[in-house]
Amino acid sequence: MISKTYAPQEIEDKWYSYWIENKFFQSKPNPDKEPYTIVIPPPNVTGVLHMGHMLNNTIQDILIRKARMEGKEACWVPGTDHASIATEAKVVAMLKEKGINKNDLTRDEFLEYCWEWTHKYGGIILKQLRKLGASCDWDRTRFTMEPDLYDSVIDVFIDLYNKEDIYRGHRMVNWDPQARTTVSDEEVIMKEVSQRLVYLKYPLVGGQEEGSMEDGIVIATTRPETIMADVAICVNPNDERYRHLVGKMVAIPLIGRAIPVIADDYVEMEFGTGCLKVTPAHDINDYELGKRHGLTIIDLLNEDGTLNEKAQILVGEDRFAARKKIIKMLEEAGNVVKIEEYKSNVGHSERTNAVIEPRLSEQWFLKMEKISKPALDNVMDDTIQLIPAKFKNTYRHWMENVRDWNISRQLWWGHRIPAYYLKDGTIIVAKSKKEALRKAQHEYQLFALTEEDITQDPDVLDTWFSSWLWPISVFNGIKEPDNEEVSYYYPTNDLVTAPEILFFWVARMIIAGYEYRGQYPFKNVYLTGIVRDKLGHKMSKSLGNSPDPIDLIEQYGADSIRTGMLFSSQAGNDLPYDEKLVEQGRNFGNKIWNAFRLVKGWTVDEALAAPASSQLAVQWFESKLNQTIAEVDDHFSKFRISDALNTVYKLIWDDFCSQYLEMIKPGYEQPIDPATLEATLEFFDRLMRLIHPFTPFISEEIWQNIRQRAENDSICIAPFPKAGEVDNALLNDFEILFEVISSIRNIRNARNMSPKTALPLAVRSDNPGRYERLVELITKLAYVEPVSFVAEEAEGTSFRVRSDEFFINLADEIDVETERENLLKELEYTRGFLDSVLKKLSNERFVQNAKGDIVEKERQKQADAEAKIETLNEALARLSN
């Protein structure tokens, strides 16, 4: 018995448990089947599902379900990322609530808390993905800190170090004072902020000079709290205002330390005052300037962003508190010339949102220029395809200007760098302290050395240094490069991810793929858009503009969310989320459900033969279904997932429910013939298989109820429908049929006539045979009777479809004035429509660039509109007679 309404909450858990129990999602290497592999972009282990995850994982699930139905060995590998900065920050905050400071713990004690946190919260997001219907092979769930994956990361570090691709150096890096670690350039988010541009006067040392701006030189800065680290004032050598000051000394305000005035072409004469304070420890450009001029470096900030003793004043103050205080001190000392409000882009940490500090630090780096070349070449020549292709230019720009990757992080949670230090500073890279000792004894002849004499680097590796191995390491391809799994599943097929990690992750995975497998890690990269609210803001729980995905699933059902997210989600384009889209998804599910209830509610008379109209309707929908399957396959081949869904949506809602079922539906309380019912149930079967990747739950529920199924059978392993023959002539005739029916219904509606009032219809056509086989359907759907064929004009209201004319004799039903008003309104509308078509066709760019069939359709619209205008004018003329 089919329930009256579709209740997703009642069936979703039932079918997901059924799929899991029957191991439909499990995958094993099978030489008789083509592999189709997706690795999940591993979410943070402590994360929860957000709208971006919903979109991303829905697309992955659609791809993997379709591949599974196509008979491929579909393998979707799930897993989570240890997320060094994010997880450590959460654990530190949790400890703080307990009154525990991280620095009071040993490393091992702190890591115990991290593992405790991971075990407690680490599985939440993966459980939530089950609610969405994600058909991952859960037995393959991986975690970047599990032993095999941990070892893989360490092995790769050692290998690259031995190849001299990894080195340790003193460089300017991006420092996150809140997390107290470096972050990569890609993890720095630029935000426009309002600041104060302070104009400061540095007095000349040795008295007043002519042209010295009243015994000093003025600079403009947004960071007055760093003036104590200044080592020079720089001007452009071509700047006549300051040329005579080059080589002179000025005094830093408040502390009085003398610094030189130097000249360099780097300084822009037109910007600010044309004078630049040089602070090499706190600005990357100043650092490069300092290197060129051999300047000293003074670092006045601690790891947490407070001022250290080198600042001399405001020691211990936070950098921003110090900024406010020092401005006041400078004003009181008479060094402030003026202050302006100023907007500029300031780097923020992606993970903590703290303002980034440029900082000189001893860090580990991976040389990128040579190792990244295959990853550039193979994307540029489309060996690996970015979808949409517009991202290729962005990718090329980044890869052609790639900088060495700072891979060390000043954290405890993560893959600890396998570098060991002797007391004299000698570095030994080895997998363990024991191995490092052995290397020290044998390679350096230090036989008296013990493990106590060796110290391991305290830093961990950048989280992305484990993620870049993901498509290989999940199949243990680093430790066992020739094992059966990696040999079968690698390279994977498609990667679905967000554009913002194109360089964090995607490019680096490609680099690792060529370095360690000699092959790309995936063939296609589908880049989703960002889910945004109605105002265009990125959806974020922290901003309070994002619904809870699990609440949405509870309210609407997973299928509604999946389709709602995809209705307006083109690859690479942002998704303007609106809950109405989810409501549309729910309505779609209800439409399918009610259509199935209608069909299952019909009684069958085995003695009945199928009427000609039903036979014709079946033939038409067979062609329509085959045509749509071909279109869907084409959309999938081009990764137009949203277009594929919309194509199926239109087929089911318009063609099947609104047209086909109306054609074959028996009269009230009348039985249906068995042939038509069987054809209809077969259509339902194929439609459910066609829609299954998009709406897995409702399609399974209906598919199981269409007919008796074998035990342990499921739609998720049933074959995806294949396109058959298409009768284009029949499809064309039915398009005309629908136009005729629509026109007759419009005439009825304009006059508020009952749909049950039978009206005579006369047809004037050069091809009456086309309509003779459609008469039964026209009669049934438009309720016209009788239907006759004429050679001349007939009495009544007329309308034109293509080149044919139709007359409905309304007899006494016509109110002449009302009819004239209706015709004039329709004439005005049609003229406006024709004008819009003509404008498009007069646009040379449109005609030259649009596909030929699109231009031809516009020309057909022109011809139809012109014919309709002619018919309307003739009808108006008849009314006047």
Both in Å, the radius of gyration and Dmax of the C-alpha trace of the range 512-624 are 22.5, 71
For residue 742 and residue 538, extending 7 Å from Cα along the Cα-Cβ vector and measuring point to point gives, in nm, a value of 4.2 nm
Row for the range 701-824, column shape: gyration tensor on C-alpha, a ≥ b ≥ c, rounded if a/c < 1.5 i.e. under 1.5, prolate if a/b over b/c, else oblate; value prolate
Once the in-chain neighbours fewer than 8 apart are removed, the lysines whose Cα is under 17 Å from residue 434 read 423
For the chain, the Cα gyration tensor yields equivalent-ellipsoid semi-axes (√(5λ), largest first, whole Å) of 68, 38, 23
For the range 754-880, the count of lysine pairs 8 or more apart or interchain whose alpha-carbon atoms are under 18 Å apart comes to 10
The set of residues whose placed amide H lies less than 5 Å from the amide H of residue 801, leaving out same-chain residues fewer than 5 positions away, is 806
Where a ≥ b ≥ c are root eigenvalues of the Cα gyration tensor, a/c under 1.5 meaning rounded, otherwise prolate if a/b exceeds b/c and oblate otherwise, the range 356-442 counts as prolate
Asserting the computed 222 nm helical MRE of the chain (DSSP H runs at least 4 long, -39500 (n - 2.57) per run, divided by residue count, to nearest 500) equals -13000 deg cm²/dmol
Computed over all unlike Cα pairs, the Kirkwood hydrodynamic radius of the range 1-82 in Å stands at 15.0 Å
Longest principal axis of the chain (C-alpha) makes with the long axis of helix 641-650 (C-alpha) an angle, in degrees to the nearest 10, of 20 degrees
Quick calc, residue 729 & residue 455: beta-carbon distance into FRET formula, R0 60 Å, rounding 0.05, result 0.15
Nearest 10, in degrees from 0 to 90: the angle of helix 507-516 to the longest Cα principal axis of the chain is 80 degrees
Sorted by chain and number, the residues with a modelled amide H under 5 Å from that of residue 222, at a separation of 5 or more or across chains, are 198
Between residue 766 and residue 678, the two model label points (7 Å from Cα along the beta-carbon direction) sit apart by a distance in nm of 4.3 nm
Length gained if residue 246 through residue 127 is fully extended, taking 0.36 nm per residue and subtracting the Cα-Cα distance, is 36.2 nm
The simple spin-label model distance between residue 369 and residue 835, using points 7 Å out along Cα→Cβ, in nm, is 6.4 nm
For the range 549-726, the convex hull over Cα atoms projects on average to an area in nm² of 11.6 nm²
Surpassing 19 Å at the alpha-carbon level, of the pairs 90/120; 33/127; 248/277; 72/131, are 33/127; 72/131
Packing-ranked peptide list from 734-744, 692-702, highest mean Cβ count within 10 angstrom first, is 692-702, 734-744
Rounded to the nearest 10 degrees, the helix 852-880 long axis (Cα) sits at an angle to the longest Cα principal axis of the chain of 40 degrees
Listed by chain and number, the lysines with an alpha carbon less than 20 angstrom from that of residue 591, same-chain partners under 8 positions apart left out, are 4, 580, 600, 624, 650, 665
Contour minus Cα-Cα span, residue 484 to residue 48, at 0.36 nm per residue, comes to 153.6 nm
In debye to the nearest 20, the charge dipole size for the range 754-880, taken about the Cα centre with +1 at each Lys and Arg Cβ and -1 at each Asp and Glu Cβ, equals 760 debye
The relative contact order of the range 181-357, taking Cα pairs under 8 Å that sit 6 or more residues apart, comes to a percentage of 30 percent
Of 673-683, 376-386, ordering from highest average Cβ density within 10 Å down gives 673-683, 376-386
Of the convex hull drawn through the C-alpha atoms of the range 647-747, the volume per residue in Å³ is 144 Å³
To the nearest 20 debye, the range 818-862 has a Cα-centred charge dipole, built from +1 on Lys and Arg Cβ and -1 on Asp and Glu Cβ, of 200 debye
Checking rank on 790-797, 272-279, with mean other Cβ inside 10 Å and highest first, the result is 272-279, 790-797
Computed on Cα atoms, Rg of the range 181-357 relative to 2.2 N^0.38 Å comes out at 1.03
Length gained if residue 109 through residue 93 is fully extended, taking 0.36 nm per residue and subtracting the Cα-Cα distance, is 4.2 nm
Plugging the Cβ-Cβ distance of residue 325 and residue 587 into 1/(1 + (r/R0)^6) at R0 = 56 Å yields, to the nearest 0.05, a FRET efficiency of 0.40
Projected onto their principal axes, the Cα atoms of the range 754-880 stretch, largest extent first, over whole-Å spans of 51, 36, 27
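The numbers here are math on the coordinates, done by the rules we state, and not lab data. Everything numeric here is computed off the predicted structure, so don't read it as measured data. Ideal geometry is used to build each Cβ from the backbone, glycine not excepted, and the neighbour counts take in all protein chains shown.
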